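J.: Take this structure first; my questions come after.
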Number of protein chains: 2
Amino acid sequence: MKMSEGVEWASHACLLLAALPPDAALRASDIAAFHELPSAYMAKHLQALARAGVVKSVRGAAGGYRLARPPTAISLWDIRQAICGPGPDFVCREIRGRGPCAAKKPASAACFVAHAFWEAERLQMEALQQTTLASLMITLAASYDADGLTRFRTWLAERVDLEAPSSPVDPAAPPG
Amino acid sequence: MKMSEGVEWASHACLLLAALPPDAALRASDIAAFHELPSAYMAKHLQALARAGVVKSVRGAAGGYRLARPPTAISLWDIRQAICGPGPDFVCREIRGRGPCAAKKPASAACFVAHAFWEAERLQMEALQQTTLASLMITLAASYDADGLTRFRTWLAERVDLEAPSSPVDPAAPPG
């Protein structure tokens, strides 16, 4: 079982958007180009993020996508759910209720096998919920050297107005 | 992202095998019939379990499948891996290394996004590794009433020799 590659794409796209000044937006084609990704597929993932309320589509000449919430309020779990869809990975079809030895009365509690899988998924979910874009931005900013930072600011300045009032997260922090 | 339904099937199949006396084996068609599952698909999942060393194929008139290890040494993680394949769900394609602002030197450490997803998966893995067939058998045995137990023992006695020396896990404990 492999997660959609869209989760990696969407995570890095959201980190890029987290570096924008407030109210600035970036076009889908620029978001795709930033990591040399196919524009059409990236657009599909951005639409999924928008449907899930993680990003917001902005119309007009300076339009594109921006985060719908502050980077402190968007987690990797939000992004994973937006791309992979809601609901647990383990789907219980209650097969214990079938066959010659099934209990005659249907059990009220969830099957203990499903319960074990869901408990394990819950641990994964909680860890991803605790990993916000804001926390990742800190790690990311520390990994860039001066040259990388300059190239990123130049790239960004060609696309958005960096002189707008500064974002709650330092716009100088480059995206992943 | 949904897990293969084979994980549920294989988990319950292994619990059924955990209830067998030592050295007894159950035919794939009986394992499928126990939960009214399609025999061909069940056979495919049993073969995957055998390749992963979770179950063992036994030839001959009393042949079929049995567990390859004691129920204390088989976890839900083993079963999940046998059906879903090895490796993490999150696959890192290092897209941070591409595009106009990528670091000029490739980073030696794993991408921080991948690291976060893998850490969350590790928590899920550890929880599933701690859930053995033996621990599930205890929960399962407690959920059966006397009538269910009798029906299960009758069904089993028609297929395997229950008078063989008793298993380390009580063969009276019915499967899920």
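The values are calculated or read from the model by the stated rules, or taken from the named source; none is laboratory data. What you see is a predicted model, and the numbers here were worked out from it, not measured in a lab. In this analysis, Cβ positions are derived from the backbone assuming ideal geometry, glycine residues included, and neighbour counts consider all displayed protein chains. Just the protein is used for accessible areas: all its heavy atoms, side chains included, with ligands, DNA and RNA removed. Shrake-Rupley method; radii C 1.70, N 1.55, O 1.52, S 1.80 Å.
J.: So, in segment B:46-81, of the ones that are within 12 Å of chain A (Cβ to nearest Cβ) and part of a helix (DSSP H, G or I), which residue ends up surrounded by the most Cβ atoms within 10 Å (Cβ to Cβ)?
T.: B:Ile79
J.: Another question, if that's okay. Counting just the residues of segment B:124-139 that are of a type in the set (S, T, N, Q), facing chain A (nearest Cβ under 8 Å) and open to solvent by 10 Å² or more (accessible area, probe 1.4 Å), which one comes out farthest from A:Phe117 (Cα to Cα)?
T.: Looking at the filtered set, the residue picked out is B:Thr139.
J.: Just a yes or no: is a residue in segment B:142-150 within 7 Å of chain A (Cβ to nearest Cβ), part of a helix (DSSP H, G or I) and closer than 22 Å to A:Trp77 by Cβ?
T.: no
J.: Could you list, in sequence order, the residues of segment A:94-122 that are open to solvent by 30 Å² or more (accessible area, probe 1.4 Å), modelled with pLDDT of 95 or more and within 7 Å of chain B (Cβ to nearest Cβ)?
T.: A:Glu119
J.: Give the residue that is modelled with the highest pLDDT, with candidates limited to residues of segment A:11-21 that are away from every other protein chain (no Cβ under 13 Å) and crowded, with 23+ Cβ neighbours inside 10 Å.
T.: A:Leu17
J.: Would you confirm whether any residue within segment B:92-105 is part of a loop (DSSP other than H, G, I, E, B), touching a Leu at 6+ places or on another chain (Cβ under 6 Å) and either under 25 Å from A:Met3 (Cα atoms) or without any contact (Cβ under 8 Å) to a residue 60 or more places away in the chain (or both)?
T.: Within segment B:92-105, none of the residues are part of a loop (DSSP other than H, G, I, E, B), touching a Leu at 6+ places or on another chain (Cβ under 6 Å) and either under 25 Å from A:Met3 (Cα atoms) or without any contact (Cβ under 8 Å) to a residue 60 or more places away in the chain (or both).
The rows are residues; the columns are (1) outside any loop (DSSP other than H, G, I, E, B); (2) surrounded by 15 or more Cβ atoms within 10 Å (Cβ to Cβ); (3) at the interface with another protein chain (Cβ under 8 Å from one of its Cβ atoms); (4) modelled with pLDDT of 95 or more.
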| site | (1), (2), (3), (4) |
| --- | --- |
| A:Trp9 | yes, yes, yes, yes |
| A:Asp23 | no, no, no, no |
| A:Ile31 | yes, yes, no, yes |
| A:Ala40 | yes, no, no, yes |
